[in-house]
Amino acid sequence: VDLKNKFPYIVFPRFPGKWPLKLSQAQLDKRHQELEHWLKQVCSVTQLFDHFYVQDFLGLVGKKREERVDSAPDNADVKVMLPNNTSLCVNIPTEAYVKQLIEAVCTKLNIPLHFAPHFTIFKRYDGDELPVPCMPSEKPNNLLVNNHNERNKLKLSFRKLPLSPEVEENMLGDTAALEILYNQAVSDYNAGLFDSTGKEIELNRTNHATTQADFVRVAQRCPDYNGVVFPHCACNSRTDGHVILSVSRDHITIQACSNSGEKEDQVKKFSWAHVTQHSEGDGKFCFTITKGTSVRKIMLTSPHASYMNYCFHLVLHT
């Protein structure tokens, strides 16, 4: 009953009923099979298996398991992916918010907590084009529990936010923070997420465990480093076709494309100095470009409108 109250969104398998009379050997074997089947179903849900009550029932409390910290009664183990494609398991309260998960990951990685605000937890479902930051009001364990039997599985990842060069430079002096920044820069480089033209030799030369900070500094000089490229979407300035929005610390880029996302020749770049307003709501993201007496309002219709607005806030206000 306690587990059902703690995980109201999980449909629990029916517990095998008790027999009122003394059981024959055949009946005992059948009940044993039913109990084993029930237990396998419960343990197939990670959040249930890692809960203290189930661990205690199985006699696992106090015993070491790979990538597991012993749970307290109202705690759960949450797995997050790191930029180098390894995973990390941390133990947090079942009702913890994103901030607590970020701090738990930082603590386990030995990253100073004053750097925690420069990281966040991203979520990505199977089939999603783009991982998006979890909202501060979201509870990571609840997200995983709600998703446990969905076809599109949810993965959580720990990544740095798009930071200013000054903030990054300060973080490069810490070994644990540097490890994350370096691995994320390598991952973005390999995925072609920033323009490395003319910097390939330097990047390849410094792509080594002993020159991690140098690699990050070379990457910082590449256009679109620390940027986000959003999936194509509709724009109020195009009646025929879509656009691709790219946001970096250097500038905002809008690339014309077809309705299916095929890139076209038309590209517009905007300076952050000319952005006078930005907002989102009802699946729409709007920003205003003001140059002298010229005022232009651009509106994008996208499922990522909140993330677009968040990126603008990070660049303009942090």
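Taking the alpha carbon gyration tensor of region 199-318, multiplying each eigenvalue by 5 and rooting it gives semi-axes of 30, 17, 14 Å, largest first. In the context of the full set of protein chains, region 246-318 has a per residue accessible area of 56 Å² (1.4 Å probe). For the residue pairs K99/K199; K99/K284; K99/K291; K160/K297; K160/K199, the alpha carbons lie more than 32 Å apart in K99/K199; K99/K291. With viscosity set to 0.890 mPa s and temperature to 25 °C, compute the Stokes-Einstein D of region 101-256, Rh being the Kirkwood radius across alpha carbon pairs; µm²/s, no decimals. Roughly 142 µm²/s, to the nearest whole number. Sequence-distant contacts, meaning Cα pairs under 8 Å at least 6 residues apart, place the relative contact order of region 114-204 at 27 percent. Share of carbon and sulfur in the accessible area of region 188-318 stands at 48%, probe radius 1.4 Å.
Along the axis of the charge dipole computed for region 140-288 (Cβ charges of +1 for Lys and Arg, -1 for Asp and Glu, origin at the Cα centre), the listed residues A234, N170, N152 are led at the positive end by N152.
For region 88-159, a simple Cβ point-charge model (Lys and Arg +1, Asp and Glu -1, everything else neutral) yields a dipole of about 120 debye relative to the Cα centre. Rounded to the nearest whole Hz, the Karplus-based 3J(HN,Hα) values (6.51 cos²θ - 1.76 cosθ + 1.60, θ = phi - 60°) of region 111-118 follow the sequence 8, x, 5, 6, 8, 3, x, 8, with x at glycine and proline.
The values are calculated or read from the model by the stated rules, or taken from the named source; none is laboratory data. Model, not experiment: these values are computed from the prediction. In this analysis, Cβ positions are derived from the backbone assuming ideal geometry, glycine residues included, and neighbour counts consider all displayed protein chains. Accessible surface is based on the protein model in full, side chains and every heavy atom, while ligands, DNA and RNA are left aside. Shrake-Rupley method; radii C 1.70, N 1.55, O 1.52, S 1.80 Å.
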